[in-house]
């Protein structure tokens, strides 16, 4: 089972250029709002036509601009789970699922629906309408309606974006159970790294309409290669750099020079949390910082720091459990482990 996509699409000033392939395991497409995630899904599903390129699913051509092939959505055998699930409000759970069955006699379709109701634990709410269902029940109904049609590909468009954290946690487990029994390919779109990490072993970052090379999810989180990937992976301290020589770089926003081996195409660098330590004032290489703000997260503090010799608007973020009380008044001293700082491409 495999999906291959290489397409371009222009919408006003926005240009989409996406190239990706699945390998049987769910593939994540991670991007910020406005990066082109939903446009990509619409092009694959057939509700939007790319300007050029090719889309192939399991050897079957869905779109080919040169050969003038563009199958309509109903002939692509692609299931699309929308953010708001798009259930028919005037139909019961049972009727919604029935609408997704594509073949068979009426009796055979009913048998498929009854099996789906049991499989997705919806039997008790089969006669209820969508507005009376919980979020989990709505999602399972939408998935059941899609999967009874036996799609070769399942597109998930930010399925948890509108949920509170408690409900989101519940639905993540439920969706994981559903996907475990699905044999087709899955393209999971999200702006949240934790969602992608839970469901997808591989990921492509979508940056301003352009897809970056597919990488293992752990590679993205521990060794991102670009500024956009680092930001989406949760890194905070990302600064443009000016190369001094092959071994040193200057960070103008911090008025700071670091030992940083030259990397082809590097235009910025990241100072991860692991590179920052709170130290005693007399520690060699210590940098005094003024604390401009503090937030609490679990058992740690997220501090906004201004290094003493840096421009007025220069700020570093530090997440630490080691900050002494009263630091907001006296300032704190930090060191940077330059061996943990890494370069990034734009």
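Computed over segment 163-216, the range of Cα coordinates on each principal axis works out to 32, 29, 17 Å, biggest value leading.
Enclosing the Cα atoms of segment 238-299 in their convex hull gives a volume equal to 130 cubic angstrom per residue.
Each part reduced to its alpha carbon centroid, segment 37-82 and segment 196-211 end up 19 Å apart. Percent of Cα pairs in segment 3-224 per distance bin of 10 Å, from zero to the largest separation: 8, 33, 35, 20, 4, 0.
For segment 1-92, the calculated P(r), taken from all Cα-Cα distances in 5 Å bins from zero up to the bin holding the longest distance, is 3, 12, 23, 24, 19, 11, 5, 3, 0 percent. Whole-percent P(r), segment 41-164, all Cα pairs, 10 Å bins from 0: 13, 38, 31, 15, 3, 0.
Using the rule -39500 (n - 2.57) for each DSSP H run of four or more residues, divided by the residues of the chain, the 222 nm mean residue ellipticity is -6500 deg cm²/dmol. Computed over all pairs of different Cα atoms, the Kirkwood value for the hydrodynamic radius of segment 235-346 is 14.5 Å.
Helix 135-147 axis versus longest C-alpha principal axis of the chain: approximately 60°, rounded to the nearest ten.
Using only Cα atoms, tell me the angle between helix 165-180 and the longest principal axis of the chain; keep it within 0 to 90° and round to the nearest 10. So the inclination is approximately 60 degrees.
With the convex hull built on the Cα atoms of segment 153-287, state its orientation-averaged projected area in nm².
Numbers: hull surface 45.8 nm².
That works out to 11.5 nm², a quarter of the Cα hull's surface.
As a length-normalised measure over Cα pairs under 8 Å and 6 or more apart, the relative contact order of segment 3-224 settles at 30 percent.
Each value in this text was obtained by applying a stated rule to the coordinates, not by laboratory testing. These numbers were taken from a predicted model, which means no experiment stands behind them.
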